[in-house]
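The values are calculated or read from the model by the stated rules, or taken from the named source; none is laboratory data. Owing to the predicted nature of the structure, the values given are computational and were not obtained by experimental measurement. Here the Cβ positions follow ideal geometry from the backbone for every residue, glycine too, while neighbour counts run over all protein chains shown. Keep in mind that these areas ignore ligands, DNA and RNA; they rest on the heavy atoms of the full protein, side chains included. Shrake-Rupley method; radii C 1.70, N 1.55, O 1.52, S 1.80 Å.
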Amino acid sequence: MRVKTSRSRTGCLQCRRKHQKCDEKRPVCSFCNFRGIQCHYPAGFKWVQQTEPMVSRHRPRDRGPPTGLLSTFSALFGGAIRSTEERSAWEYYVRLVSSNVPALDCPENPYRQLSITALTAPILLETIICIAAEHMLNFGLGSEPAAAERQQRMLRSIRQGLQMIEMSSHARWHDHRHEACLAAVVLQGIVVAQRPDGVLEPHVKCASYLMHTLGCFQEIPSTPLARLTTQRFAMVDLMLAISRQRRPYAPRSFILYQPDADRWDQTEPSFHKMTGCPQPLMCFLLRIAHLACDVDECLRDDVPEHEVLSRAFELESELCAWGLQYTGAIADGSSRPLLDILTECFYWTAHLLLARRVFRDATRSPRIQHLAQTCFRLMDHLPTGCGPDSSLPQPFYLAAREAVRVEDRDWVRRKHEAMTAYYREQQRNSAMELTEKIWARSDGLRGVEVETNGMAQSIEDRFVKELDRESSLFIF
C-alpha cells in the first residue's frame, strides 16, 4: 500500500518537485543522499520587521495588474516559477519595481509587460527576480546571500544564452531566445545601480556586440520587447559615454540616434515616457558627446580650432531653436506636468555639457554658473518620489559638480540625501562622493593663475576627466 506523504514546504527543491516529504537534513537530505543526486535548498528572501520608519517607493505609481490577474498568470505558468520565494520576488517586481524604472508609469509600461514575457523566457525570469532581490535587499527585505545567489543564477543564464547565440550560424533577433538574451544583458544597468560595487561597462560592451551581431543597429524593432531593449540600450550607452567622457559604443548610424520624434516618442512604449528625455534631445546629447571627443582629437592633432567651433556654434543654434519654449523659470502655483520639467532639466544639461566640454568654459564662469543654477531651480520643482525624478540622477550629478556657492552645495547635499533615502540605489552615494572630490579640487585651485591655450583643458578639467575615466559608477 502506498504511504501517503505531504509535500514539503520548507524542504529542498528536489523533494518539492517530486512532492516528496523532505527530512530537511543539511547539507544533503536523506532522499537526495539515497539517490545520489544534488540537494539544493532555496535561499529564501528574508522578510524582516523594520525597526524604524522607512520612506520608500513601496507604492507603485500605477495600480498595475490586480491580485486576481497575478494569481491567474502564476497558475497558467506555474512551471516557470519554481518556489514560493521566486513567486514573491516576481510579484514584487510586477507591483513595485516595474513602476519605478521608467520616468513615467503608464498602462503600456513595457517593464511591467516584461514580467509576463519572462514567464515563458527563463533568462528574463532569472533577470527580473535578480532585480527584485537587489531592490528588496536595499529596503531591508532580503538577505545578502539570497541576492548573491540570484545574481549568480542570472549571470549563468546569460552566459548560456550568449553561448547559444555564438553557436548559431544565423543569429538574428527575430529569434525570441536571442531577443530575450539581449534584453537580459541590457537590463543589467538596473542591477548595477542597486549595488555599491556594480560595474556596468562590460555589460554595455557585450550588449553593443550583441546589437551588432543580431543586426539591431539599423533595423526598426518590431516587438514590444525589442523596442524596450533598443530604447534602453540607446540611452544607457549614451549616458555611460557622457559619464566616462568618451564616445558611445553604438555607431552614429544607429537607427535610434537619427532624429525622428514621431516614431519614437509618439508610439508605445514612448522613448520620452521611458527616459524623461525626448528622442530628438537625446540626439543633441549624442552630438555633444562626439563633438567633445572631436575637440580633444583636434587639439592633439593640431587641427585649427575654428573647424570644430563652427560645428559647435551650429549645434548650439539648433539646440536653442528646438528648446525655444524653455525659459528656465516656473511660475508659482504652476500646474506644469512633472515630465515636462524633467525634460527641461535634460535640455539645460545639454547646454551645460556643450559649454563645459566643447567650448571649455570654466566652472566659475558666469555662463556655467547661470546654467547650473537654472538646473537647480528646475530640479527643486521635482519632489522626491514624484515619479519622473527617478530619471533625474544623470542631469543632477552633472550639474552638481559645477556648484560653487555654499548655498548651492548645501542644496545639492540635501537633495542627494532625500533622493538616496527614497530610491536606495547604492551608486548614488558613489556619484556624490565623486562630486565632493571635484568640489575639493576646485576649491584648492581657486585663485591659482592657470595658463590656458585656446580650447585646451585646464588642470581642473583634466583632473575631472581622469576621475570620470577611472570611475566605475553609473546610474540612470
Tally of residues being without any contact (Cβ under 8 Å) to a residue 60 or more places away in the chain and more than 18 Å from M274 (Cα to Cα) across the range 107-134: 10
Of the criteria (1) without any contact (Cβ under 8 Å) to a residue 40 or more places away in the chain; (2) over 18 Å from S391 (Cα atoms); (3) hydrophobic (A, V, I, L, M, F, W, C), which one A292 fails: (1)
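Give the range 436-462 a look and list any residue that's closer than 17 Å to R357 by Cα, at pLDDT 75 or above and open to solvent by less than 60 Å² (accessible area, probe 1.4 Å), or say none.
From the range 436-462, those closer than 17 Å to R357 by Cα are 438, 442, 452-462; that's our starting set.
This time we only want the ones that are at pLDDT 75 or above, so: 438, 442, 458-462.
Residues satisfying the conditions are I438, S442, S458, E460, D461.
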The lone exception for L319 - which of (1) within 28 Å of the chain's Cα centre (by Cα); (2) surrounded by fewer than 18 Cβ atoms within 10 Å (Cβ to Cβ); (3) among the aliphatic types (A, V, I, L, M) it fails: (2)
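Do we have A250 as within 30 Å of P145 (Cα to Cα) and buried (at least 23 other Cβ atoms within 10 Å of the Cβ) here? Steps first, answer last, please.
Values: within 30 Å of P145 (Cα to Cα): no; buried (at least 23 other Cβ atoms within 10 Å of the Cβ): yes.
No, not satisfied.
Quick grid of which residues meet (1) at pLDDT 90 or above; (2) touching a Gly at 6+ places or on another chain (Cβ under 6 Å); (3) among the polar types (S, T, N, Q):
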site	(1), (2), (3)
L125	yes, no, no
C130	yes, no, no
S143	no, no, yes
Q160	yes, no, yes
S169	no, no, yes
V192	no, yes, no
Any hit, the range 243-261, residues being out of contact with any Leu (no Cβ under 7 Å at 6 or more places or on another chain), in the same structural domain as D105 (by the TED database), without any contact (Cβ under 8 Å) to a residue 40 or more places away in the chain and of a type in the set (K, R): yes
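Does A292 count as open to solvent by less than 20 Å² (accessible area, probe 1.4 Å), farther than 28 Å from H178 by Cβ, small (G, A, S) and out of contact with any Leu (no Cβ under 7 Å at 6 or more places or on another chain)? Working first, answer last.
On the way: open to solvent by less than 20 Å² (accessible area, probe 1.4 Å): yes; farther than 28 Å from H178 by Cβ: yes; small (G, A, S): yes; out of contact with any Leu (no Cβ under 7 Å at 6 or more places or on another chain): yes.
Yes, satisfied.
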Yes/no for M235 being open to solvent by less than 30 Å² (accessible area, probe 1.4 Å), modelled with pLDDT of 95 or more and touching a Phe, Trp or Tyr at 6+ places or on another chain (Cβ under 9 Å): yes
Selection from the range 193-218 of residues that are open to solvent by 40 Å² or more (accessible area, probe 1.4 Å) and in contact with a Ser or Thr (Cβ under 9 Å, 6 or more places away or on another chain): P196, D197, V199, Q218
Within the range 347-371, considering residues that are out of contact with any Pro (no Cβ under 8 Å at 6 or more places or on another chain), closer than 29 Å to H272 by Cβ and β-branched (V, I, T), the one surrounded by the most Cβ atoms within 10 Å (Cβ to Cβ): V358
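Being small (G, A, S), under 29 Å from the mean Cα position of the chain (by Cα) and farther than 25 Å from D265 by Cα: is that true of A292 here? Show your work before the answer.
Numbers: small (G, A, S): yes; under 29 Å from the mean Cα position of the chain (by Cα): yes; farther than 25 Å from D265 by Cα: yes.
Yes; evaluated as a whole, the condition is true for this residue.
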Qualifying residue in the range 425-432 (condition: open to solvent by 20 Å² or more (accessible area, probe 1.4 Å) and part of a helix (DSSP H, G or I)): yes
Odd one out for T230, checked against (1) part of a helix (DSSP H, G or I); (2) open to solvent by 20 Å² or more (accessible area, probe 1.4 Å): (2)
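Could you check the range 324-422 for helices (runs of 4 or more DSSP H) lying wholly inside it with 1 or more residues that are β-branched (V, I, T)? If you could, list the steps in order and put the result at the bottom.
Values: elements: 338-353, 366-379, 393-400.
In the range 324-422, 338-353, 366-379 are the helices (runs of 4 or more DSSP H) which contain 1 or more residues that are β-branched (V, I, T).
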